[in-house]
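Written below as C-alpha cells is the structure these notes are about.
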Amino acid sequence: MRLLRLPKIALVIGNSHYKSVPRLQNPGNDAKAIGDTLRQSGFDVTAKLDASLDDMTSAIRAYVQTLTAKKAVGLFYFAGHGLQLAWRNYLVPVDAAVRGLGDIPKVCIDLTGLMEGINKAANPMNVVILDACRDNPFSGFGASAGGQGRRSTSAETAGGKPLVGAVPQGSTAGDLPQARTRPWNSRWENAGQHVFT
C-alpha cells in the first residue's frame, strides 16, 4: 500500500523520424498512447518525441535526479531503434550518424548508464520498458543484435536486479502488425485505464 501513496514519474521517449537510418512507423504513436495511459494512472509524465542525443541525455539526467530527490516510483519507456555492441545495449537518438563502430558509444545512449543511474537513485520501484527491435540500423559496421549464444549481461541484471523482456538478450524482435498505433496495441488505447490498476 505504501507504493500507492508515493509520487509516480515517467520518462517516455518515442523515436520515429530518424535522419540517417530507416524511419519507423510505430514509436511516436506508441509513446503517445503509453504517455496518455500513464497520466490517467497518476504518473507525472515527461514525453519526448523524435529526441536527439542531447534531448535524451538531458531528459534521462533530469529523470534520474527526480527519482533520487522524490524517491518516486519510476517508469522509463523507450520506443525506437536499438542495438547491441560488445554485449552493451544502446538506444538510438534520431540524429545518430555512424561512420564506424567506434562512433556508436558516442552518438547513442548506453543503457548501462541509465540502469546505473536508476540503481543509485535508491527509489523503491522502477519499471523499464524497451520497445526496440535491436536489429542494427547501422548496416555494414558489424554492430549486431548480440553474438553467438545467450548470456546474462548488465542490461539483464542491473544493480543485481533481474530485468525481464519479451526478447532475450542477444535476440531481435520484428515489427508487429497495426489500430491507430497497431491492433495489438488496442488494449493500451481502448482499455488503458485498466493496465496500471
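The values are calculated or read from the model by the stated rules, or taken from the named source; none is laboratory data. Keep in mind that what you see is a predicted model, and the values were worked out from it rather than measured. Virtual Cβ from ideal backbone geometry, glycine too; neighbours counted across all protein chains shown.
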task = Could you grab the pairs with beta carbons closer than 7 Å, sequence gap of 6+ or different chains, first residue in segment 36-54 and closer than 14 Å to Phe78 by Cα, second one assigned to a helix (DSSP H, G or I) and aromatic (Phe, Trp, Tyr)?
result = Thr46/Tyr63
task = Quick one: in segment 17-39, of everything that is under 16 Å from Asp95 (Cα atoms) and of a type in the set (Gly, Ala, Ser), which residue is modelled with the highest pLDDT?
result = Gly28
key: segment 4-47: number of residues that are buried (at least 19 other Cβ atoms within 10 Å of the Cβ), within 20 Å of Ala69 (Cβ to Cβ) and either out of contact with any Lys or Arg (no Cβ under 9 Å at 6 or more places or on another chain) or of a type in the set (Lys, Arg) (or both)   = 1
query = Restricting attention to segment 1-21, which residues are out of contact with any helix residue (DSSP H, G or I) (no Cβ under 6 Å at 6 or more places or on another chain), part of a strand (DSSP E or B) and closer than 19 Å to Gly82 by Cα?
reply = Ile13
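Going by what's in this entry, would Leu67 be described as buried (at least 22 other Cβ atoms within 10 Å of the Cβ), out of contact with any Lys or Arg (no Cβ under 7 Å at 6 or more places or on another chain), at pLDDT 95 or above and over 28 Å from Ser20 (Cβ atoms)?
Values: buried (at least 22 other Cβ atoms within 10 Å of the Cβ): yes; out of contact with any Lys or Arg (no Cβ under 7 Å at 6 or more places or on another chain): yes; at pLDDT 95 or above: yes; over 28 Å from Ser20 (Cβ atoms): yes.
Considered against the rule, which asks whether it is buried (at least 22 other Cβ atoms within 10 Å of the Cβ), out of contact with any Lys or Arg (no Cβ under 7 Å at 6 or more places or on another chain), at pLDDT 95 or above and over 28 Å from Ser20 (Cβ atoms), Leu67 comes out as yes.
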query = When residues of segment 13-43 are filtered for being out of contact with any strand residue (DSSP E or B) (no Cβ under 8 Å at 6 or more places or on another chain) and of a type in the set (Phe, Trp, Tyr), how many remain?
reply = 1
remark   = Considering residues that are under 19 Å from Ser20 (Cβ atoms) and either surrounded by fewer than 19 Cβ atoms within 10 Å (Cβ to Cβ) or not acidic (Asp, Glu) (or both), the number found within segment 49-64 is 8
